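Notes for the one structure printed next.
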Amino acid sequence: MSAHFSNNDIQRLGVQPPEGLRKIVAFRDGVLFVANDYMTSADVIDFELKLRRMGALSRKQGVSMAQLSTHQHEAERVSSLVRRDEAAEKRRAFALLAQGVKMSASDIHFLIKSSHTEVKFRVDGYLDTYAELSKEEGIQLVTALYVASDSNAKSQNQFTFNTPIAARLTRSDGENIGLLPEALYAVRFASMKTDQGGLVVLRLLYDSVSSRSAGSETRIDLEALGFTATQATQLREMADAPNGMIIIDGPTGSGKSTTLKYTMQWIHENYPHFNILTVEDPPEYPIIGASQIPVSVQEDSREQVGERGKQYASIIATTLRLDPDILMVGEIRDGHSAIAGLRAAETGHRLWSTLHANDAWEAMNRLLDLLREGGMHEPLPVLANTQNLCGMVAQRLVPKLCPKCRKPFSEFHDRVSQQVRDELFDAIPNLDASTIYVRGDGCDLCVPTAEGDPEKQRLDKRRGIMGRTVVAEIVRPDQTLLDIARRDGIPAARRYWLKHRNGQVIADAALAKILAGVLDPQVAREFVGPLLTARQILSSLEADQMGMIA
């Protein structure tokens, strides 16, 4: 028999009889061999039913003890070959992780189709094909990674796309020591069935920010992440507030967890006597100076999803009895956690968390929706209080230009669409474009894997891009703003913030970096949306208001 096995072989042969049955049964090649005197044993029948449910059993056969001994020896010989084969696949899978780290990938995708597998790396926000493998090779690699994970759903080391899986690979797992790349704290594993096969996405969780983004040092200032000096000061002022909620929002992959990590570490460095507690599902990054509390409830059904939300909220409530100075909640995801978070603020605690919203003010709307979902009938009067809501931050991660091969906009303006050019000149009257740059054609700095081949550099999706930066808007509401929100609604408060508080939106931050030659206008618009300044938004809102009055 060949020493290279298909995924089905590995799944079938990896099944071992329970300890109490190993003297009377043998299982190999899909056949359950049973000593004649034990064919009707209850334990044997239980094992037979388990194999049938797994789809691993083709037939059951009674044999003499002498024949059984022969089958047991052969099963052990084949099992030994399978174990060696699995070890080789595991080394190959972890080598792929190492390559992802070398390229500073944030995610690795395995798209398994009916005919082949596409392996893709997401680098600086762009997803590009790294390799094409056979379908069987792809299944073997994701199976090896799944077996190395901490999945609660694991049974007999089997992987299937029939049930969505969420798991993690960590260096602390003894089986992964020496295999997980040093730069990684953990790898998040998620899978889903597709029409042709399945998709597995690995999120690479680095010990520190990628060297392509903000340098490789562990201690990183908020400005290095991309916040302006003014914004970094606002974040630190929020950290100094005695109580209240600070919400960081943005889509998946916008760097919210990284911002939380480095804000918590800044708090620890400046207030080493603080008791910083985090509640995470599960912890994504190690946070220096914080005690990190994981939420661990298996989520195999709709009922268990609801139970997870209740336990999440229960742990948040329990941490309030652990004398926290700062409480960080990984995500406010439902009504349970929203209510628990607000209760923490109401009882005089400082709470930092994230949620999914489009801008800073939308975070307030989203939080109100979740509070209503949690059973609070009129949440706005409670939330609209500076003792309870201290700040709202919206952010995006935008790819930065390669400083070596970027091109001047004045000479290569045709690389920017007419729509974006119009937005640029509308946003900035009397625009001086001499400091604006666009993507270059790639070089040995931004596309080192192209090995100096100009054609490879030109075709690489990462060409002209070198790392990513945060662009953000921050609202630090005072009681006047919140009173307007409670009395006249959140849109009125936002309008007042833009007009009387010199509010700056995400597009303002992006435009400042475009003018500094850090961002390509076309790329910036792709990640932030229309390049409309606070001035333009306010003008439009006031025009709409005048139209309504007329």
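The single condition among (1) assigned to a helix (DSSP H, G or I); (2) surrounded by fewer than 19 Cβ atoms within 10 Å (Cβ to Cβ) that residue 378 does not meet is (1).
Please verify whether the stretch 426-434 includes one or more residues that are surrounded by 17 or more Cβ atoms within 10 Å (Cβ to Cβ), closer than 30 Å to residue 339 by Cβ and either out of contact with any strand residue (DSSP E or B) (no Cβ under 6 Å at 6 or more places or on another chain) or basic (Lys, Arg) (or both). Scanning the stretch 426-434, I find no residue that is surrounded by 17 or more Cβ atoms within 10 Å (Cβ to Cβ), closer than 30 Å to residue 339 by Cβ and either out of contact with any strand residue (DSSP E or B) (no Cβ under 6 Å at 6 or more places or on another chain) or basic (Lys, Arg) (or both), so the answer is no. On the given criteria, is residue 331 assigned by TED's automatic domain parsing to the domain that holds residue 245 and out of contact with any Asp or Glu (no Cβ under 9 Å at 6 or more places or on another chain)? Criteria not met by residue 331. Counting only residues that are of a type in the set (Ser, Thr, Tyr) and touching a helix residue (DSSP H, G or I) at 6+ places or on another chain (Cβ under 8 Å), the stretch 42-67 holds 1 of them.
Summed over the stretch 305-345, the residues that are buried (at least 23 other Cβ atoms within 10 Å of the Cβ) and outside any helix (DSSP H, G or I) give a count of 5.
Does residue 179 qualify as being crowded, with 18+ Cβ neighbours inside 10 Å and either more than 13 Å from residue 470 (Cβ to Cβ) or modelled with pLDDT of 80 or more (or both)? Full working, then the answer.
On the way: crowded, with 18+ Cβ neighbours inside 10 Å: no; either more than 13 Å from residue 470 (Cβ to Cβ) or modelled with pLDDT of 80 or more (or both): yes.
So residue 179 fails the test.
Residues being modelled with pLDDT of 80 or more and acidic (Asp, Glu) are entirely absent from the stretch 4-24. Pairs meeting the criteria (first residue in the stretch 458-487 and at pLDDT below 95 and acidic (Asp, Glu), second residue surrounded by 17 or more Cβ atoms within 10 Å (Cβ to Cβ) and not in a loop (DSSP other than H, G, I, E, B), beta carbons under 7 Å, at least 6 apart or on different chains) are 460/450. Residue check: residue 503 meets all listed conditions (1) over 21 Å from residue 241 (Cβ atoms); (2) assigned to a loop (DSSP other than H, G, I, E, B) but one, namely (1). The residue of the stretch 457-487 that is nearest to residue 402 (Cα to Cα), among those that are assigned to a loop (DSSP other than H, G, I, E, B) and out of contact with any strand residue (DSSP E or B) (no Cβ under 9 Å at 6 or more places or on another chain), is 463.
Here residue 419 meets the list (1) at pLDDT below 95; (2) part of a helix (DSSP H, G or I) almost entirely, failing just condition (1). For residues that are of a type outside the set (Ser, Thr, Tyr), under 23 Å from residue 161 (Cα atoms) and free of Cβ contacts under 8 Å to residues at least 60 places away in the same chain, tally how many sit in the stretch 30-61. Residues that pass the stated criteria total 9.
Among the conditions (1) buried (at least 24 other Cβ atoms within 10 Å of the Cβ); (2) without any contact (Cβ under 8 Å) to a residue 60 or more places away in the chain, residue 397 misses just one, which is (2). The listed residues are 406, 366, and the only one of them that is assigned by TED's automatic domain parsing to the domain that holds residue 333, modelled with pLDDT of 95 or more, touching a strand residue (DSSP E or B) at 6+ places or on another chain (Cβ under 8 Å) and among the charged types (D, E, K, R) turns out to be 366.
Check the stretch 225-245 and report whether any residue there is assigned to a helix (DSSP H, G or I), modelled with pLDDT of 90 or more and closer than 14 Å to residue 356 by Cβ. Taking every residue of the stretch 225-245 in turn, none turns out to be assigned to a helix (DSSP H, G or I), modelled with pLDDT of 90 or more and closer than 14 Å to residue 356 by Cβ.
A count restricted to the stretch 275-296 and to residues that are modelled with pLDDT of 95 or more and assigned to a loop (DSSP other than H, G, I, E, B) stands at 1.
When residues in the stretch 488-500 are screened for being touching a residue at least 60 places away in the same chain (Cβ under 8 Å) and assigned to a loop (DSSP other than H, G, I, E, B), 0 of them pass.
The values are calculated or read from the model by the stated rules, or taken from the named source; none is laboratory data. Here the structure is a predicted model, which is why all the values come from computation and not from measurement. A quick note on method: Cβ atoms are made from the backbone with ideal geometry, for glycine too, and the neighbour counts reach across all protein chains shown.
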